[in-house]
Amino acid sequence: MSRHRAFAAAATLAVVLGIVIGFWNLGGPGKQREAAADQRRSEDLRRIWFAIQQFHSTERKLPPALTGLDIYSPGLRVQDPESNIPYLYQVTGETAYQLCATFNADTRNALDMDAPVTRFNYHPAARYCFNLDVTQPVANR
(Lines give C-alpha, C1' and ligand atoms only; values in the text may rest on other atoms or scores of the structure.)
Protein backbone atom coordinates (compact mmCIF):
# COMPACT_ATOMS: atom_id res chain seq x y z
CA MET A 1 0.00 0.00 0.00
CA SER A 2 1.42 3.38 -0.95
CA ARG A 3 1.80 6.22 1.50
CA HIS A 4 -0.96 8.17 -0.27
CA ARG A 5 -3.41 5.32 0.04
CA ALA A 6 -2.53 4.80 3.70
CA PHE A 7 -3.03 8.51 4.36
CA ALA A 8 -6.36 8.50 2.49
CA ALA A 9 -7.53 5.45 4.45
CA ALA A 10 -6.49 7.03 7.76
CA ALA A 11 -8.21 10.31 6.86
CA THR A 12 -11.40 8.48 5.84
CA LEU A 13 -11.34 6.49 9.07
CA ALA A 14 -10.87 9.72 11.08
CA VAL A 15 -13.87 11.36 9.35
CA VAL A 16 -16.10 8.32 9.88
CA LEU A 17 -14.99 8.07 13.52
CA GLY A 18 -15.74 11.80 13.99
CA ILE A 19 -19.24 11.36 12.60
CA VAL A 20 -19.90 8.34 14.84
CA ILE A 21 -18.62 10.18 17.92
CA GLY A 22 -20.73 13.22 16.98
CA PHE A 23 -23.90 11.14 16.76
CA TRP A 24 -22.97 9.39 20.00
CA ASN A 25 -22.57 12.71 21.83
CA LEU A 26 -25.60 14.40 20.26
CA GLY A 27 -27.83 11.34 20.46
CA GLY A 28 -28.84 11.17 16.81
CA PRO A 29 -31.81 12.77 15.06
CA GLY A 30 -34.44 11.21 17.38
CA LYS A 31 -32.76 12.58 20.51
CA GLN A 32 -32.39 15.97 18.86
CA ARG A 33 -36.13 16.07 18.08
CA GLU A 34 -36.90 15.14 21.69
CA ALA A 35 -34.55 17.85 22.98
CA ALA A 36 -36.14 20.42 20.68
CA ALA A 37 -39.63 19.41 21.88
CA ASP A 38 -38.49 19.74 25.51
CA GLN A 39 -37.11 23.20 24.76
CA ARG A 40 -40.46 24.21 23.21
CA ARG A 41 -42.26 22.89 26.32
CA SER A 42 -39.95 24.90 28.59
CA GLU A 43 -40.53 28.04 26.51
CA ASP A 44 -44.30 27.41 26.48
CA LEU A 45 -44.33 27.14 30.28
CA ARG A 46 -42.25 30.30 30.62
CA ARG A 47 -44.70 32.19 28.39
CA ILE A 48 -47.68 30.75 30.32
CA TRP A 49 -46.04 31.83 33.59
CA PHE A 50 -45.60 35.34 32.17
CA ALA A 51 -49.25 35.48 31.03
CA ILE A 52 -50.43 34.33 34.47
CA GLN A 53 -48.28 37.03 36.09
CA GLN A 54 -49.83 39.65 33.78
CA PHE A 55 -53.37 38.35 34.41
CA HIS A 56 -52.80 38.46 38.19
CA SER A 57 -51.39 41.99 38.10
CA THR A 58 -54.50 43.15 36.20
CA GLU A 59 -57.23 41.06 37.84
CA ARG A 60 -55.69 40.55 41.31
CA LYS A 61 -56.49 36.85 41.14
CA LEU A 62 -55.27 33.74 39.36
CA PRO A 63 -56.95 32.82 36.09
CA PRO A 64 -59.43 29.95 36.34
CA ALA A 65 -57.93 28.30 33.23
CA LEU A 66 -55.22 28.85 30.64
CA THR A 67 -57.67 29.65 27.89
CA GLY A 68 -57.91 33.35 27.16
CA LEU A 69 -54.40 34.17 28.37
CA ASP A 70 -53.17 34.80 24.84
CA ILE A 71 -54.18 38.46 25.20
CA TYR A 72 -51.20 38.74 27.58
CA SER A 73 -48.89 36.71 25.36
CA PRO A 74 -49.96 36.60 21.69
CA GLY A 75 -49.52 33.19 20.09
CA LEU A 76 -49.47 31.50 23.49
CA ARG A 77 -49.43 27.72 23.15
CA VAL A 78 -51.16 25.93 26.06
CA GLN A 79 -50.74 22.39 24.81
CA ASP A 80 -47.83 20.01 24.31
CA PRO A 81 -46.18 20.45 20.89
CA GLU A 82 -45.99 16.68 20.26
CA SER A 83 -49.10 15.18 21.85
CA ASN A 84 -51.39 18.25 21.61
CA ILE A 85 -52.53 17.45 25.16
CA PRO A 86 -53.09 20.65 27.17
CA TYR A 87 -50.51 21.49 29.81
CA LEU A 88 -51.88 20.94 33.30
CA TYR A 89 -52.63 24.12 35.20
CA GLN A 90 -53.95 23.79 38.72
CA VAL A 91 -54.58 26.50 41.28
CA THR A 92 -53.27 25.32 44.67
CA GLY A 93 -53.77 28.45 46.75
CA GLU A 94 -54.71 32.11 46.62
CA THR A 95 -51.48 32.97 44.80
CA ALA A 96 -50.03 29.49 44.21
CA TYR A 97 -50.46 27.14 41.28
CA GLN A 98 -48.84 24.29 39.38
CA LEU A 99 -47.84 24.06 35.73
CA CYS A 100 -47.14 20.53 34.51
CA ALA A 101 -45.68 19.02 31.35
CA THR A 102 -44.18 15.71 30.31
CA PHE A 103 -40.53 15.96 29.30
CA ASN A 104 -38.35 13.55 27.32
CA ALA A 105 -34.99 14.18 28.99
CA ASP A 106 -33.67 14.76 32.48
CA THR A 107 -31.99 18.17 32.37
CA ARG A 108 -31.63 18.87 36.08
CA ASN A 109 -27.83 18.63 35.90
CA ALA A 110 -27.43 19.96 32.37
CA LEU A 111 -26.54 23.46 31.34
CA ASP A 112 -27.41 24.51 27.79
CA MET A 113 -25.60 27.76 27.12
CA ASP A 114 -27.87 28.52 24.14
CA ALA A 115 -31.15 28.16 26.05
CA PRO A 116 -32.73 31.03 27.98
CA VAL A 117 -32.06 30.16 31.61
CA THR A 118 -35.23 29.75 33.63
CA ARG A 119 -36.34 27.12 36.09
CA PHE A 120 -38.44 25.57 33.31
CA ASN A 121 -35.22 24.35 31.64
CA TYR A 122 -34.47 22.04 34.59
CA HIS A 123 -36.74 19.00 34.88
CA PRO A 124 -36.70 15.19 35.07
CA ALA A 125 -37.58 12.92 32.15
CA ALA A 126 -41.19 12.40 33.16
CA ARG A 127 -44.37 14.29 33.94
CA TYR A 128 -43.22 17.13 36.13
CA CYS A 129 -45.10 19.90 37.90
CA PHE A 130 -43.54 23.25 38.72
CA ASN A 131 -44.92 24.73 41.95
CA LEU A 132 -45.25 28.47 41.35
CA ASP A 133 -46.53 31.52 43.15
CA VAL A 134 -47.37 34.86 41.55
CA THR A 135 -45.75 36.67 44.47
CA GLN A 136 -42.40 34.94 43.88
CA PRO A 137 -40.01 35.39 40.94
CA VAL A 138 -39.18 32.37 38.82
CA ALA A 139 -35.75 31.39 40.09
CA ASN A 140 -33.19 30.24 37.58
CA ARG A 141 -32.90 26.85 39.23
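Over segment 30-92, what percent of the accessible surface lies on carbon and sulfur atoms, probe 1.4 Å?
51 percent
Select from segment 27-72 those trypsin sites (Lys or Arg not before Pro) which occupy a DSSP coil region and have at most 16 other Cβ atoms within 10 Å, ordered by residue number.
ARG60, LYS61
Would you kindly find the accessible area of LEU66, with a 1.4 Å probe and non-protein molecules such as ligands, DNA and RNA excluded, rounding to the nearest 10 Å²?
Near enough 20 Å² of accessible area.
How would PHE50, PHE130 line up by accessible area, probe 1.4 Å, largest first?
Working: PHE50 80, PHE130 5 Å².
Solvent-accessible surface, decreasing: PHE50, PHE130.
Mind checking the full-extension length gain between ASP133 and GLU94? Use 0.36 nm per residue of separation minus the Cα-Cα distance, one decimal, nm.
On the way: separation 39, 0.36 × 39 = 14.04 nm, distance 0.89 nm.
Gain on stretching ASP133 to GLU94: 13.1 nm.
Given R₀ = 22 Å, what would the calculated FRET efficiency be for ALA126 paired with SER57, taking r from the Cβ atoms and rounding to 0.05?
Numbers: r = 32 Å, r/R0 = 1.46.
Using R0 = 22 Å, I get an efficiency of 0.10.
Leaving ligands, DNA and RNA out of it, rank CYS100, CYS129 by accessible area with a 1.4 Å probe, largest first.
Largest accessible area first, the list is CYS129, CYS100.
Please list the non-local residues whose amide H lies under 5 Å from the amide H of HIS123, H modeled 1.01 Å from N, same-chain partners needing a gap of 5 or more.
Residues meeting the criterion, in which the H sits 1.01 Å from N, are THR107, ARG108.
The values are calculated or read from the model by the stated rules, or taken from the named source; none is laboratory data. Just so we're clear, the structure is a prediction, and the values are computed from it rather than from any experiment. Here the Cβ is made from the backbone with ideal geometry for all residues, glycine too, and neighbour counts use every protein chain on show. Calculation scope for accessible area: heavy atoms of the full protein, side chains included, ligands and nucleic acids excluded. Shrake-Rupley method; radii C 1.70, N 1.55, O 1.52, S 1.80 Å.
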